[in-house]
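The values are calculated or read from the model by the stated rules, or taken from the named source; none is laboratory data. This structure is a prediction, so every number in the text was calculated from the model and none was measured. Cβ sites come from the backbone with ideal geometry, for glycine too, and all protein chains shown count toward neighbours.
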Ligand code: ADA
């Protein structure tokens, strides 16, 4: 594998149509970092349009090359030595293009990127979303030289804990229709399976069930990881795995038989200086901030998380609700075949990239979309069934904002409720009553399912203090946060926990309808501001998260 991250030649082309562009006329007059968001750099801040990235590399091993892009926002078209090798729409997921290269020598990779809003070209990105949608090669690029028989990916599932048993699915491809190959599987460098196979398809799945007595389990408290290596013919693939089982029953979410009390936050993978290409150190800092808060859970709002971030969650024992891109999609979007097939492809990419992360304990789709319409039953059901068919081991959900009108909750395993008592409706004093009413409504829709408050919060401008304690002050936000958590932690409140909205302030869309209610152009509901400076609400949440859920005998 050759990593192509680093400095790329760059040209911002602006209002240019990719179809009428002559590649040889592009003047590369600048440079850009990959991974990176070009529009988070000062020269291109706020710009939307077509741009071109170029990198020349010496390929010592030619043959079947695979260009892998870990995230390209929002639309991309890739060329190898001037040859078109593929197009892709939708950010936040990994995809690839294959190309044959016969001779060793210099290869020129050229990638066009478009961050304009165009629902025909990029059906998954809409301008009105409440977050800033940056452009660029946001999550890195690599190139692989693949042998004739190669492993496409591994999918692992813990089937049992006693003894720990891992089901391994090895998806392969071969340029011969019939060949024999040796399969070897190693766990932490020790051979655990070996057999000679006759492969008579050009692609297929090899399934192995490994019983591994004595292997340590993964849990939020003790996140033990193991290294799984699969060798097939001349190819090998190494993947970290954790042994753990997620279940939903009796209104709880269980990990290895222990009910999880969710103390979580929503997090946008964003920073004003880096856009959606948050550096590793900042990712670690964000998880430290979650841990210091007393948190154990993170909702990756509102798009799939990258491998690096999920690796950190695996290591730190932070459980993740990983969701497909989406924000308040209306019925007309959900009933549009182009949108639906783009969602399916995107969900497939999310699953392929993140299947083996033990930290991912819930798959979610389509934040706050039209789940209050019976007419949307078919698309919702298709997407959720699609996930369940590929991965029956994890619960599925969607975050609902339809307080008294949701009608598709029979399709999910976990009920996720976004609600803002004391902010968009009601007052601080009403919070307990409002929450009880909302929970009772959702409970009636899904009698024995676990119920998570997946968003709740209030806005505060960092540094805004006032004795009046009105909306937008740190005092109001802190008080609301305290009242919400205190009520949700009561032993008689029927929920599995809360994901506060949100860990940090985040830049919002430039569209007038969105930005007008958002001072500074930011969603200011962070416990921290966008530079991670704490507001009073962070400490209010910390006090209660560290204390945890009240037992029926507690006195306070
Ligand atoms: C919604 C949405 C969030 C954010 C929030 C808010 O619930 O899911 O992305 O926009 O509202 O701040 O209003």
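Of the residues making up the stretch 170-193, just one is out of contact with any strand residue (DSSP E or B) (no Cβ under 8 Å at 6 or more places or on another chain) and part of a strand (DSSP E or B), namely 190. Within the stretch 367-382, the set of residues being within 16 Å of the ligand (Cβ to nearest atom) and crowded, with 24+ Cβ neighbours inside 10 Å comprises 367, 369, 371. Using the structure shown, decide if residue 458 is within 15 Å of the ligand (Cβ to nearest atom) and either within 20 Å of residue 506 (Cβ to Cβ) or not in a loop (DSSP other than H, G, I, E, B) (or both). The answer is yes for residue 458. Hey, among the residues in the stretch 56-75 that are without any contact (Cβ under 8 Å) to a residue 60 or more places away in the chain and under 15 Å from residue 6 (Cβ atoms), which one's surrounded by the most Cβ atoms within 10 Å (Cβ to Cβ)? Checking each candidate, the answer is 56. Filter the stretch 383-402 for residues that are away from the ligand (no atom under 16 Å from the Cβ) and not in a helix (DSSP H, G or I); which is farthest from residue 159 (Cα to Cα)? Restricting to residues being away from the ligand (no atom under 16 Å from the Cβ) and not in a helix (DSSP H, G or I), the top hit is 396.
Being surrounded by fewer than 21 Cβ atoms within 10 Å (Cβ to Cβ), at pLDDT below 95 and in a strand (DSSP E or B), is that true of even one residue in the stretch 125-144? The answer is yes, given that some residue of the stretch 125-144 is surrounded by fewer than 21 Cβ atoms within 10 Å (Cβ to Cβ), at pLDDT below 95 and in a strand (DSSP E or B). Just one of the listed residues (526, 517) is at pLDDT 95 or above and either within 16 Å of the ligand (Cβ to nearest atom) or out of contact with any strand residue (DSSP E or B) (no Cβ under 9 Å at 6 or more places or on another chain) (or both), namely 526. Take residue 316 and decide whether it is modelled with pLDDT of 95 or more, over 25 Å from residue 118 (Cα atoms) and either more than 16 Å from the ligand (Cβ to nearest atom) or out of contact with any strand residue (DSSP E or B) (no Cβ under 6 Å at 6 or more places or on another chain) (or both). So residue 316 fits the description; yes.
Taking the conditions (1) within 16 Å of the ligand (Cβ to nearest atom); (2) not in a helix (DSSP H, G or I) in turn, residue 469 satisfies each one other than (1). Among 100, 80, 51, which is touching a residue at least 12 places away in the same chain (Cβ under 8 Å), surrounded by 18 or more Cβ atoms within 10 Å (Cβ to Cβ), at negative phi and more than 28 Å from the chain's Cα centre (by Cα)? Step by step, each of 100, 80, 51 is checked, and only 80 is touching a residue at least 12 places away in the same chain (Cβ under 8 Å), surrounded by 18 or more Cβ atoms within 10 Å (Cβ to Cβ), at negative phi and more than 28 Å from the chain's Cα centre (by Cα).
Looking across the stretch 494-510, just one residue is closer than 17 Å to residue 126 by Cβ and away from the ligand (no atom under 13 Å from the Cβ), and that is 510.
In the stretch 20-30 there is no residue that is buried (at least 17 other Cβ atoms within 10 Å of the Cβ) and part of a strand (DSSP E or B). Considering the conditions (1) touching a strand residue (DSSP E or B) at 6+ places or on another chain (Cβ under 6 Å); (2) more than 16 Å from the ligand (Cβ to nearest atom); (3) within 28 Å of residue 14 (Cα to Cα), residue 117 is excluded by exactly one of them, (1). Residue count for the stretch 367-382 satisfying the condition of being within 20 Å of the chain's Cα centre (by Cα) and either in a loop (DSSP other than H, G, I, E, B) or at positive phi (or both): 3. Looking only at the stretch 7-19, decide whether some residue is surrounded by 14 or more Cβ atoms within 10 Å (Cβ to Cβ), under 22 Å from the mean Cα position of the chain (by Cα), at pLDDT 95 or above and closer than 16 Å to residue 139 by Cα. Scanning the stretch 7-19 turns up no residue that is surrounded by 14 or more Cβ atoms within 10 Å (Cβ to Cβ), under 22 Å from the mean Cα position of the chain (by Cα), at pLDDT 95 or above and closer than 16 Å to residue 139 by Cα. When residues in the stretch 413-427 are screened for being within 8 Å of the ligand (Cβ to nearest atom) and assigned to a strand (DSSP E or B), 1 of them pass. Might you check whether a residue that is part of a strand (DSSP E or B) and at pLDDT 95 or above occurs anywhere in the stretch 476-490? Looking through the stretch 476-490, none of the residues is part of a strand (DSSP E or B) and at pLDDT 95 or above. The residues on offer are 91, 86, and the sole one that is assigned to a strand (DSSP E or B) and either on the phi > 0 side of the Ramachandran plot or surrounded by 22 or more Cβ atoms within 10 Å (Cβ to Cβ) (or both) is 86. Scanning the stretch 519-537 for residues that are buried (at least 17 other Cβ atoms within 10 Å of the Cβ) and either over 24 Å from the mean Cα position of the chain (by Cα) or in a loop (DSSP other than H, G, I, E, B) (or both) yields 524, 525, 526, 527, 529, 530, 532, 534, 535, 536, 537.
Among (1) farther than 22 Å from residue 84 by Cβ; (2) part of a loop (DSSP other than H, G, I, E, B), where does residue 7 come up short? The failed condition is (2).
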